[in-house]
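What follows is one structure encoded as structure tokens, with my remarks underneath.
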Amino acid sequence: MKRFLSLITLVGMLGLGTLGASTIGFAEDEAPAATTTEAAPAAAPAEAAPAAEAAAPAEAAPAAAAEEPKLDTGSAAWMITATVLVVMMAVPGLALFYGGLVRTKNMLSVGMQVFVAFSLISVLWAVYGYSMAFSEGNAIVGGLSKAFLAGVTPDSLSGVIPEYVFITFQLTFAAITPALIIGGFSERTKFPAVLLFLALWVTFVYIPIAHMVWGGGLLSDAGPLFNGHGAKDFAGGTVVHINAGIAALVGALVIGKRIGYGKEAMPPHNLVMTLIGASLLWVGWFGFNVGSELAVDGVAGLVLINTQLATGAAVVGWVFAEWLFKGKPSMLGAASGAIAGLVAITPACGFIGPMGSIILGFLASFISLWAVTKLKNALGYDDSLDVFGVHGIAGILGAIATGALMSADFGGVGYAEGVTMGQQVTTQAIAVGITVVWTGVISYILFKIVDIVIGLRASEESEREGLDTTEHGERAYHY
């Protein structure tokens, strides 16, 4: 318990500890002119109003203002494609990535956990998840007005795309996030316990954080905390990656280390499989990030190039660092660097410029490499597949760095009117801190509940023999 509290405190300090520094360092920044895409719609009507008044009768204005959004078939087609790409990230991408990293005797176990968890959360999202994340409610969670997708029809729109498409796109985010957590406690956890925990976790952790950030809740522009200028999270730095990373760390601490961890070698059993999985994740991530614009426009193009550049920079950075400090670059390092870069650019991809994305990619590779080697060894936790070290740490970096790199001075889109760099960095840090605390505390409680109800950890005999045979009665390989 003491180790859990100390680690959560350390991680929280990565977010909240920047508050004082960012406030002091940027307190004197002048508020730049509003250049964000969010500010543009507010400015344009004011400038166009005089011309409109001169050219048209006053009574025409209400009709224009009340114009209903129309279906954009091009954007709808792209969003369907983006949704399928994110499905590919989980199955087979994440299943292969994780499957190659574990030992032979547990390959089917981790693949089964990812595959079934993704399926289970898909159903829960339709039953109540979408409604609680994206319908009106309070600052923490939405309501149940759209439970069982009530009121949604093929003609319903969300912006310029069909609402069913938006629901399914967000479903893939909700389903892949808990699947990421599995890597934190792989090779030692009962299959039923994993499913029960992830179902509870999505309900009490993912859905509230998604509502707070994207559903008009506490951390959003519409929320009560930031006076209309909320945290910027374009595609899921806080909602997906910090969320999953912290939960994985808590799980690793609560469940404990694998038998033999630190005493015997536990190398990945198939790095070719891991490379294939990482490659599928890289390709699918374009759907994840670019799709989050929910339209085909100039911002989507910015997200596209930022995603590629940050990932490339992170691969180069990780490989170079291994070459420098270990003497040999590794394929596992290259794959890990790619994931770190993809994670870091996720919250920032629609707000920063291409050169900023390269900087962010390099930073993500260095700090994540440090986390999965030095930090992990120093603190002694067994995060089996480095979910916290890559997703958690790179997610925290990306979320906070968004506040600085979105400055027009760095090629970003700039800040809303009246917002300085220091204020935005502080907002980002507060959002990170709230996410860390919310996820850490509730995940700990949920792990303990599941442990009491059905038990989390497989027996010592099962763990030694391998979960493929003891949990599923199958083997990945017969030789």
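Odds and ends about this structure:
- Residue in segment 437-453 that is closer than 27 Å to residue 102 by Cβ, in contact with a Ser or Thr (Cβ under 9 Å, 6 or more places away or on another chain), modelled with pLDDT of 95 or more and surrounded by fewer than 15 Cβ atoms within 10 Å (Cβ to Cβ) present: no
- A residue that is hydroxyl-bearing (Ser, Thr, Tyr) and over 19 Å from the mean Cα position of the chain (by Cα) can be found somewhere in segment 433-455.
- For segment 428-451, the condition holds for no residue, the condition being that it is free of Cβ contacts under 8 Å to residues at least 24 places away in the same chain and among the acidic types (Asp, Glu).
- Just so you know, in segment 130-178 the residues that are among the hydroxyl-bearing types (Ser, Thr, Tyr) and in contact with a helix residue (DSSP H, G or I) (Cβ under 7 Å, 6 or more places away or on another chain) include one that is nearest to residue 114 (Cα to Cα), and it is 177.
- Check on residue 455, in contact with a Lys or Arg (Cβ under 7 Å, 6 or more places away or on another chain) and either of a type in the set (Lys, Arg) or not in a helix (DSSP H, G or I) (or both): yes
- Qualifying residue in segment 382-398 (condition: in contact with a strand residue (DSSP E or B) (Cβ under 7 Å, 6 or more places away or on another chain), assigned to a loop (DSSP other than H, G, I, E, B), at pLDDT 95 or above and aliphatic (A, V, I, L, M)): no
- Near pairs, Cβ below 8 angstrom, 6+ apart or cross-chain, from segment 310-335 (in contact (Cβ under 8 Å) with a residue 60 or more places away in the chain and closer than 17 Å to residue 285 by Cβ) to any residue that is in a helix (DSSP H, G or I) and hydroxyl-bearing (Ser, Thr, Tyr): 335/274
- Selection within segment 184-199 - part of a helix (DSSP H, G or I) and of a type in the set (Lys, Arg): none
- For residue 427, the test of being closer than 26 Å to residue 227 by Cα, in contact with a Phe, Trp or Tyr (Cβ under 9 Å, 6 or more places away or on another chain) and surrounded by fewer than 20 Cβ atoms within 10 Å (Cβ to Cβ) is failed.
- Pairs are defined by a Cβ separation below 9 Å, a sequence spacing of at least 6 or placement on different chains, a first member in segment 375-400 that is on the phi > 0 side of the Ramachandran plot and surrounded by fewer than 23 Cβ atoms within 10 Å (Cβ to Cβ), and a second member that is at pLDDT below 95 and in a helix (DSSP H, G or I); the pairs so defined are 380/3.
- Taken over segment 373-401, the criterion of being farther than 20 Å from residue 312 by Cβ and of a type in the set (Val, Ile, Thr) is satisfied by 373, 387, 396, 400.
- Which numbered condition residue 322 misses (of (1) assigned to a helix (DSSP H, G or I); (2) at pLDDT below 95): (2)
- Condition check for residue 270: over 21 Å from residue 169 (Cα atoms) and free of Cβ contacts under 8 Å to residues at least 12 places away in the same chain: no
- Qualifying positions in segment 400-421 - part of a loop (DSSP other than H, G, I, E, B), out of contact with any Gly (no Cβ under 6 Å at 6 or more places or on another chain) and closer than 18 Å to residue 361 by Cα: 407
- Entirely in segment 206-318, the helices (runs of 4 or more DSSP H) that have 2 or more residues that are over 25 Å from residue 144 (Cβ atoms) and modelled with pLDDT of 95 or more: 243-255, 271-290
- Of residues in segment 340-367 being in contact with a Ser or Thr (Cβ under 7 Å, 6 or more places away or on another chain) and without any contact (Cβ under 8 Å) to a residue 60 or more places away in the chain, the one nearest to residue 299 (Cα to Cα): 345
- Residue in segment 108-122 that is surrounded by 16 or more Cβ atoms within 10 Å (Cβ to Cβ), of a type outside the set (Lys, Arg), touching a residue at least 60 places away in the same chain (Cβ under 8 Å) and not in a helix (DSSP H, G or I) present: no
- Checked across segment 316-333, the condition of being on the phi < 0 side of the Ramachandran plot, polar (S, T, N, Q) and surrounded by 20 or more Cβ atoms within 10 Å (Cβ to Cβ) holds for no residue.
- Subset of segment 123-149 that is β-branched (Val, Ile, Thr) and in contact (Cβ under 8 Å) with a residue 12 or more places away in the chain - its residue that is farthest from residue 208 (Cα to Cα): 127
- Among the candidates 358, 352, residue that is part of a helix (DSSP H, G or I), of a type in the set (A, V, I, L, M) and buried (at least 19 other Cβ atoms within 10 Å of the Cβ): 358
- Considering residues of segment 150-163 that are free of Cβ contacts under 8 Å to residues at least 24 places away in the same chain and crowded, with 17+ Cβ neighbours inside 10 Å only, the residue nearest to residue 291 (Cα to Cα): 163
The values are calculated or read from the model by the stated rules, or taken from the named source; none is laboratory data. Quantities reported herein were computed from a predicted structural model and do not represent experimental measurements. Glycine also receives a Cβ, built like all others from the backbone with ideal geometry; neighbour counts cover every protein chain displayed.
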